[in-house]
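Report on the following structure.
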Amino acid sequence: MILSVVLDLNIGDFGTNLMERPQQPMKVLQKMVGKHVTVKLKNNRVLRGVLVNYDDCMNLILDEGEEMDQKGENVVVKYGRLVIRGTH
């Protein structure tokens with residue numbers, strides 16, 4: 001139940017700012033495998049971890065999964081491996 005995937009990117013991670021031009025979400029996810037991502041769910045929960053894998057339905061698998069506070073600054077709960085169900 002993913003509302004949006006907010007990627008923790010710095011300008012220059014891929015030689016350019018990814019926000020400058022629209023990209024297909026799957027291509028962005030492909031580039032983010034093995035990197036830290038932040039996921040905001042429909043219920044406004046914020047999860048963070050290392051993207052291990054994803055599929056066409058935007059199901060995500062994160063390692064080192066953590067739930068963050070609403071501002072995304074403080075860890076509320078550490079989960080380890082997370083499987084996040086995407087929308088179909």
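The values are calculated or read from the model by the stated rules, or taken from the named source; none is laboratory data. Note that the structure is predicted; figures quoted are calculated from it, not measured. With ideal geometry, Cβ positions are generated from the backbone for all residues, glycine too; neighbour counts draw on all protein chains shown.
Points worth noting:
- Residues in segment 51-66 that are more than 12 Å from residue 85 (Cβ to Cβ) and surrounded by fewer than 17 Cβ atoms within 10 Å (Cβ to Cβ): 52, 53, 56, 63, 64.
- Among the residues of segment 30-54, the ones that are in a helix (DSSP H, G or I) and touching a Leu at 6+ places or on another chain (Cβ under 7 Å) come to 1 in all.
- Any chance residue 82 is of a type outside the set (Asp, Glu), in a strand (DSSP E or B), in contact with a Lys or Arg (Cβ under 8 Å, 6 or more places away or on another chain) and surrounded by 15 or more Cβ atoms within 10 Å (Cβ to Cβ): no
- Number of the exception - residue 20 against (1) outside any strand (DSSP E or B); (2) of a type in the set (Asp, Glu); (3) at pLDDT 85 or above: (3)
- Residues (of a type outside the set (A, V, I, L, M, F, W, C) and under 18 Å from residue 63 (Cβ atoms)) located in segment 30-44: 30, 31, 34, 35, 36, 38
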